[in-house]
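Down below is the structure, laid out as structure tokens.
Taken together, the values in this text are just the output of simple stated rules run on the coordinates, not laboratory data. What you see is a predicted model, and the numbers here were worked out from it, not measured in a lab. Cβ placement follows ideal geometry from the backbone for every residue including glycine, while neighbour counts extend to all protein chains displayed.
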Amino acid sequence: MRRRLERIYLEHRQGLFTMALAITRCPAAAEDAVQEGFARLWAAETAPRGDSVAYVFASVRNAAIDQSRRRRPASGVEQPEAASIYDGQEADPATAAMNGELVRRVARAVDSLPDDQRDVVVMRIYGGLTYAQIAEALGRPLPTVAGRYRLALERLRSQMGGGDER
């Protein structure tokens, strides 16, 4: 089991971090969530049933939700250091300059999605998970996951100003 966890970490670390960041909105908390999720699995006595990648994503997602709850002030108001999943991801300065506004618009649109839709989009696009893996990770039926993804894409298309051009 431990070798499988190591392989999953190496193959999916960026997607796991991105998913955790989308939930926690804080890079440090996202890193802690990935570590906590893996620590929980490492300490587990039994191997997961089903898809191991989905199981790891579910563990890290749960740890990220726990991190967010622990970080939330008693007033329920979000902390001011909220980060986006897009922060710092443009490595090429020329590309960053040309795409800066578009990247900011996409980031705002994805960040504004309802949590259930954003989770599916992040797992699919950044995590590279299949719909079946996402369904397993979230504990939701496959048609529900596919529907949330479709609704998220429709909402993103609408927010970005791109209608159906037929």
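Tabulated results
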quantity: Among 15-23, 123-131, 149-157, 38-46, the order from most to least packed when residues are scored by Cβ within 10 Å on average; calculated: 15-23, 123-131, 149-157, 38-46
quantity: Relative exposure of 116, 51, judged by other C-beta atoms within 10 Å (fewest first); calculated: 116, 51
quantity: Inter-part distance where region 20-34 and region 118-133 are each reduced to a Cα centre, Å; calculated: 17
